[in-house]
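The values are calculated or read from the model by the stated rules, or taken from the named source; none is laboratory data. These numbers were taken from a predicted model, which means no experiment stands behind them. No Cβ is skipped: glycine too gets one built from the backbone with ideal geometry, and neighbour counts run over all protein chains shown.
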């Protein structure tokens, strides 16, 4: 086990815990799970695993309760369920995640192997699913990169990162049973309505409004691009959600819970915006983000490779990039408002830094839109 555990590494936040005998029933030992009930369910529904399991908590994954299971033969799997407590109706949809990785498992998009999904809440009180454990590490920041990837591997990671997204956007949803995953049209229009509504609703609580947001919203509304065929969009595609081997190859894409059908150009632009480019002065990439480490190629290489693989028309790319910066600003504004009205504790939170990130996103939305 690595001495430095980070979200997505596959390392433990606490030592492995046996689930045999009376020990398994101790309150709070495996939060959110009844190990004996899971053992019984897996015996009936999953081939190739032999309970009882050793459980190790895996951090990351949007607060879902995710554990590494090791069976009596040393074989490993991962189990995942929503966080405990009351949830919004569509939040943390385990069935959706399982369905997506099941469908994509038949393609060349690298995902974990789907083993089994339990939709009976009487087993542990929530839906859960079991999938294969994948190798590699997620690249959260430049420290992860320095520890894991050589200079040569960083170039390979850039290529693998964008090639993986291109392969995802080349999948025809109907071919993998995902044609009804979401609406096929109006993706950007719906997103625009949602996030502009968030901004206006949060302005009073945040005690901050910005005329640039309203001008951008009007510009986006007046210049909505025509959407091509709907594709599966990840929604949060970045280095933090890709497991990368030591050679720089993406071996699995994780965290599909907000994935839907939509406009692949919006998904692509989001990934490009998040690719911190050290060659761009004042770049929007967060300081210390993974791709600001030395050795990574600039965004332009990724843009060119995506176009080569997909044949996509990139003439509206600046629109989509500006829209994604706008969306980021609206999300941060809503978070900032919740802090300001006391809905979230500010202890240990860099409120000024959060505000600056929001302003920075607005700045990049405006400057990118100027190129339209």
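Overview of values
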{"quantity": "Failed item in (1) buried (at least 19 other Cβ atoms within 10 Å of the Cβ); (2) in contact with a strand residue (DSSP E or B) (Cβ under 8 Å, 6 or more places away or on another chain), with residue 206 passing the rest", "calculated": "(2)"}
{"quantity": "Tabulated pairs, segment 212-224, first closer than 20 Å to residue 185 by Cβ, second surrounded by fewer than 16 Cβ atoms within 10 Å (Cβ to Cβ) and modelled with pLDDT of 95 or more, C-beta under 8 angstrom, 6+ apart or interchain", "calculated": "224/189"}
{"quantity": "Single condition residue 240 does not satisfy, out of (1) touching a strand residue (DSSP E or B) at 6+ places or on another chain (Cβ under 9 Å); (2) surrounded by fewer than 21 Cβ atoms within 10 Å (Cβ to Cβ); (3) modelled with pLDDT of 95 or more; (4) assigned to a helix (DSSP H, G or I)", "calculated": "(3)"}
{"quantity": "Extreme residue, farthest from residue 163 (Cα to Cα), among residues of segment 243-271 that are part of a helix (DSSP H, G or I) and within 14 Å of the chain's Cα centre (by Cα)", "calculated": "270"}
{"quantity": "Meets criteria (at pLDDT 95 or above, in the same structural domain as residue 48 (by TED's automatic domain parsing) and touching a helix residue (DSSP H, G or I) at 6+ places or on another chain (Cβ under 8 Å)) for residue 77", "calculated": "no"}
{"quantity": "Residue satisfying condition, being out of contact with any strand residue (DSSP E or B) (no Cβ under 8 Å at 6 or more places or on another chain), assigned by TED's automatic domain parsing to the domain that holds residue 261 and within 30 Å of residue 312 (Cβ to Cβ), within set 178, 165, 149", "calculated": "165"}
{"quantity": "Hits in segment 177-215 - residues which are part of a helix (DSSP H, G or I) and under 21 Å from the mean Cα position of the chain (by Cα)", "calculated": "187, 188, 190, 191, 192, 194, 195, 198"}
{"quantity": "Sole residue being in the same structural domain as residue 193 (by TED's automatic domain parsing), over 30 Å from residue 157 (Cα atoms) and touching a helix residue (DSSP H, G or I) at 6+ places or on another chain (Cβ under 7 Å), chosen from 344, 327", "calculated": "344"}
{"quantity": "Of all residues making up segment 209-237, the number that are in contact with a strand residue (DSSP E or B) (Cβ under 9 Å, 6 or more places away or on another chain) and within 22 Å of residue 336 (Cα to Cα)", "calculated": "1"}
{"quantity": "Which numbered condition residue 126 misses (of (1) without any contact (Cβ under 8 Å) to a residue 24 or more places away in the chain; (2) outside the structural domain of residue 230 (by TED's automatic domain parsing))", "calculated": "(1)"}
{"quantity": "Selection within segment 286-302 - in a helix (DSSP H, G or I) and either at pLDDT below 95 or over 20 Å from residue 241 (Cβ atoms) (or both)", "calculated": "290, 291, 292, 299, 300, 301"}
